[in-house]
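What follows draws every value from the coordinates through simple rules; no lab data is involved. In this text the structure is predicted, and so the values were computed from the model without any measurement. Reconstructed Cβ throughout: ideal geometry from the backbone, glycine too, with neighbour counts over all protein chains shown.
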Amino acid sequence: MSLKEYREKRDFRISPEPYGSTSRSGSKHSRSRIYVIHKHQASRLHYDLRLEHNGVLLSWAVPKGPSFDPSIKRLAIQVEDHPLEYAKFEGVIPEGQYGAGTVMVWDIGTWERNSVGPGCWFAAAGMAETPESRGCLLNIATSMLLKKISPLRSPGPL
């Protein structure tokens, strides 16, 4: 996992996005890691799911946003890794820059990799301040499906 692709797509003299440290400390030995969903009003509104792993945020674009209904699965397309500092990033990426538009933290918490169901890749705790909530990524070829496992109160409008 590298931030090379992330950094190549951005001009940090113009964009307020974090460059990111080169340190990989933190998530390697900890079971509880950062989970965040960003609401991103770029050329099209979408949501970005980010999970801390090996010193970076693994990232997936979720075009239709997360669902509050456990029976609904949403496409999650893996994108470039982001730096850990991006977890708390909120701001406006200027026109002409990659991902131009408004980015806001829509939900944040922690996650653990475990088996919460058949084929599930993660369980997030503290989602929208409801510790009983769980999410799941299901492998489908090169993309994933994001699925709610238990009910979740909305942290804000979609």
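Below are the figures for this structure:
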| read-out | value |
| --- | --- |
| Radius 14 Å from Cβ of Gln41, net charge of other residues (Lys, Arg +1; Asp, Glu -1) | -1 |
| Chain lengthening between Phe12 and Thr102 when straightened (0.36 nm per residue, less Cα-Cα) | 30.8 nm |
| Loop-located GluC sites (Glu not before Pro) in the stretch 26-104, at most 13 other Cβ atoms within 10 Å (DSSP) | Glu90, Glu95 |
